[in-house]
Amino acid sequence: DGDSDCSETCDEAANACSGNDPVGASCNDGLFCTAQDACDGAGTCDGGGTPCAGVGDGDDDCNEGCNEGTDTCTAPDPFGASCNDGLFCTTTDSCDGTGTCGGTGNPCGAQIGDGDSDCTENCNELTDACTAPDPNGVTCNDGLFCTLVDTCQNGSCSGGSSPCVTVGDADGDCSESCDESANACSGNDPNGSSCNDNLFCTLSDFCTNGACGGNGNPCAGQIGDADTDCSESCNETTNLCTNADPNGSACNDGLHCNGADSCSGGVCSGHAGNPCAGQIGDADTDCSESCNEGANACTSNDPNGSACNDNLFCNGADTCSAGVCSGHAGDPCPGPDNDNNCGESCNEGGNACNANDPNASVCNDGLFCTSNDRCNAGGVCVGGANPCDGPDGDLDCSEGCNENSNNCSNDDPNGVTCDHDCFIDGVCTNGACVSTCCVFGC
């Protein structure tokens, strides 16, 4: 009868209407949120479906559940009820149990990171298509052999590391770089890549245009290191530093006085010479500049006779004697040397031969008609007496000094007394002694 009582069937034993109504008999459980109520055959009225048919109907409304309090269809749909959030870029939309519809999937998800070269397969809500850039870092394939771990970056697929990991592995092969055209690790390694040419006598091996070569020498620090050993060059056969050093390499024979040493034929036998040679006889005051092997210095006595200089001009050129500058050549100036120059004595202050010769020093004024010339205190050569007899009262009236012919042949002055042969005084006239009277027999 559509009420809530499902125990109204005739009970013969009890002579009453108290038996259970048949299963499916119409009843009403008194609830809004049940529909198609029916008896269960055990005396209970059970509700069947819901009066709110919009729950899980795939629209965007997740508030279509039955609300018993208000007898309306306004309660949140159950969690997981199907809905549609209206977005292209979500899939598997469902209600969250609080009245909100949301999607959990991506219709383009199967294409993102699918390992092809396309990095623009992400969901584009504006165009309802899979054309947006894939997230940075998702897997792709740029189609190149020479890249590994390709990933999308800002919509483009770019490769990471190279599959050719043996580049610069310090072996002898410099053709291990990636060759895209051959899809193989057979290209020339970058110039400067580390390698090993397997030679003892090279260091710092590196690749150049596909070939491995070194530019160092493991023995370089020993060659020319100025020790006594001239056999420290690299020996490839023995892998040792035992070959003869290049001629001219620096060495040291332990001797100071033969100068800088050099190798020749594997022996320290080349010598530059006495390191003190430039000081010996260098005309300074030091006469102890010869090589002293014991002291490794230039402190031994210079050879006797070596040039030195005591800084005195007027004792002449100096020489060493027993380590002292004590040998002197003497006065370097002509001094009073019987010429006409009376200013040739030594001037120590001026380091020159321009001092006046001593007063009365013998000199020569260059004139025949003077004699016994002497230097005066002013440095001038002054002539003395006439060397010719001149008018001496004898018969000869041609004894005057002749400067031109350097003899005593000039006429005596006219009028001077002369001694005539007639024993009567005469006078010189034009070079002849002429008597002033006539004497018989003369």
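The values are calculated or read from the model by the stated rules, or taken from the named source; none is laboratory data. Predicted model, so just to flag it, every value in this text is computed and none were measured. Here the Cβ is made from the backbone with ideal geometry for all residues, glycine too, and neighbour counts use every protein chain on show.
Residue-by-condition table, conditions (1) touching a strand residue (DSSP E or B) at 6+ places or on another chain (Cβ under 7 Å); (2) closer than 30 Å to D114 by Cβ:
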| position | (1), (2) |
| --- | --- |
| V138 | yes, yes |
| C146 | yes, yes |
| G155 | no, yes |
| C164 | yes, yes |
| S194 | yes, no |
| N198 | no, no |
| A211 | no, no |
| G216 | no, no |
| C230 | yes, no |
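Please find, among S371, S409, S405, S398, the residue that is among the hydroxyl-bearing types (S, T, Y), in contact with a Ser or Thr (Cβ under 7 Å, 6 or more places away or on another chain), part of a loop (DSSP other than H, G, I, E, B) and over 30 Å from N309 (Cβ atoms).
Answer to the check: S398.
Select from segment 296-316 the residues that are part of a loop (DSSP other than H, G, I, E, B) and polar (S, T, N, Q) and write down the one among them that is surrounded by the fewest Cβ atoms within 10 Å (Cβ to Cβ).
N311
Between G390, G384, which is farther than 30 Å from N304 by Cβ, touching a Ser or Thr at 6+ places or on another chain (Cβ under 6 Å) and either in a loop (DSSP other than H, G, I, E, B) or not assigned by TED's automatic domain parsing to the domain that holds D302 (or both)?
Answer to the selection: G384.
Okay, residues lined up against (1) farther than 29 Å from S193 by Cβ; (2) of a type in the set (G, A, S); (3) loosely packed, with under 13 Cβ neighbours inside 10 Å:
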| residue | (1), (2), (3) |
| --- | --- |
| E125 | yes, no, yes |
| C130 | yes, no, no |
| D134 | yes, no, no |
| C164 | no, no, no |
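Right, T9: more than 30 Å from T131 (Cα to Cα), of a type in the set (V, I, T) and out of contact with any Ser or Thr (no Cβ under 7 Å at 6 or more places or on another chain) or not?
Against the criterion (more than 30 Å from T131 (Cα to Cα), of a type in the set (V, I, T) and out of contact with any Ser or Thr (no Cβ under 7 Å at 6 or more places or on another chain)), T9 qualifies.
If a residue has to be over 15 Å from E344 (Cβ atoms) and in contact with an Asp or Glu (Cβ under 9 Å, 6 or more places away or on another chain) to count, how many in segment 367-387 make the cut?
The qualifying residues number 6.
State all residues of segment 75-103 that are under 15 Å from C123 (Cα atoms) and part of a strand (DSSP E or B); if no residue qualifies, say none.
T91
Of all residues being under 24 Å from T70 (Cβ atoms) and of a type in the set (D, E, K, R) in segment 18-37, which is surrounded by the fewest Cβ atoms within 10 Å (Cβ to Cβ)? Just the residue, please.
The residue in question is D29.
Search segment 47-66 for residues being loosely packed, with under 15 Cβ neighbours inside 10 Å and without any contact (Cβ under 8 Å) to a residue 24 or more places away in the chain, and hand back the single one that is farthest from S94 (Cα to Cα).
G48
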